[in-house]
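Q: Before I ask anything, here is the structure I am working with.
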Amino acid sequence: MPYVKIELTREGVTREQKQKLIKGITDLLTNVLNKDPHLTHVVIQEIELDDWGYAGDQVSVLREKGITATKKIKQ
């Protein structure tokens with residue numbers, strides 16, 4: 001029984017995006033490891049920006065400095 005936990009900062013991930021994550025991870029485990037999707041559990045936990053730190057700063061402080069995890073699109 002696979003169990004996958006995704007931890008994200010609470011920054012507006014939509015219900016539809018969460019559904020895509022759950023479906024995509026379930027499909028990946030089914031296709032790569034031949035796991036039964038009916039026995040696969042995916043949990044998404046959202047964490048407040050003040051409760052997550054990186055490189056000595058809270059993520060809320062990093063966001064104020066303009067530092068994000070958003071992928072930059074090449075122009």
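Q: If you take the beta carbon distance between Lys23 and Glu48 as r and set R0 to 30 Å, what does 1/(1 + (r/R0)^6) give as a FRET efficiency, to the nearest 0.05?
A: Numbers: r = 26 Å, r/R0 = 0.87.
Working from the Cβ atoms, E equals 0.70.
Q: Separate question: Amide H neighbours of Ile47 under 5 Å, counting only residues 5+ apart in sequence or on other chains, H built in-plane at 1.01 Å?
A: When sequence neighbours closer than 5 places are left aside, the close amide H contacts are Leu8, Thr9, Arg10.
Q: Restricting to the chain, what percent of DSSP beta bridges are antiparallel, rounded to 5? Write down the numbers at each step before the final one.
A: Working: 2 of 9 bridges.
The antiparallel proportion sits near 20 percent.
Q: On to the next question. Given the options Leu49, Leu62, Leu33, state which has the largest fluctuation in a GNM of the chain using a 10 Å cut-off (strictly under) for Cα springs.
A: Largest GNM mean-square fluctuation: Leu33.
Q: If you don't mind, there's one more thing I want to ask. DSSP loop (so not H, G, I, E, B), at most 14 other Cβ within 10 Å: list which chymotrypsin sites (Phe, Trp or Tyr not before Pro) in segment 1-66 pass both filters. Intermediate results must be reported in sequence, preceding the final value.
A: Working: sites: Tyr3, Trp52, Tyr54; in loops: Trp52.
Within segment 1-66, no chymotrypsin sites (Phe, Trp or Tyr not before Pro) qualify (loop, at most 14 other Cβ atoms within 10 Å).
Q: Which of these values of Kirkwood radius over Cα pairs in Å was calculated from the structure shown: [x] 12.8; [y] 12.3; [z] 14.4?
A: Matching entry in [x] 12.8; [y] 12.3; [z] 14.4: [z].
Q: Another question, then. Around Ile47, what is the net charge, scoring Lys/Arg as +1 and Asp/Glu as -1 over all other residues with Cβ under 13 Å from its Cβ? Before the final figure, lay out the partial values.
A: Working: positive: Lys5, Arg10; negative: Glu7, Glu11, Glu46, Glu48, Asp50, Asp51.
Net charge around Ile47: -4.
Q: Let me ask another. So how exposed is Thr68, as accessible area in Å² (1.4 Å probe, rounded to 10)?
A: 80 Å²
Q: Quick one: accessible area per residue over the chain, 1.4 Å probe, rounded to a whole number of Å²?
A: Working: 6280 Å² over 75 residues.
In whole numbers, the chain has 84 Å² accessible per residue.
Q: Carbon-plus-sulfur fraction of the accessible area of the chain, 1.4 Å probe, in percent? Please report the intermediate quantities before stating the final value.
A: Working: 3350 of 6280 Å².
That fraction is 53 percent.
Q: Which length gain, in nm to one decimal place, applies between Thr68 and Arg10 when the Cα-Cα distance is subtracted from 0.36 nm times their residue separation?
A: Working: separation 58, 0.36 × 58 = 20.88 nm, distance 1.28 nm.
Full extension of this stretch gives 19.6 nm more.
The values are calculated or read from the model by the stated rules, or taken from the named source; none is laboratory data. What you are looking at is a predicted structure, and each value in this text was computed from that prediction instead of being measured. Heads up, the Cβs are rebuilt from the backbone with ideal geometry, glycines too, and the neighbour counts pull from every protein chain shown. Only protein heavy atoms, including side chains, enter the accessible area calculation; ligands, DNA and RNA are left aside. Shrake-Rupley method; radii C 1.70, N 1.55, O 1.52, S 1.80 Å.
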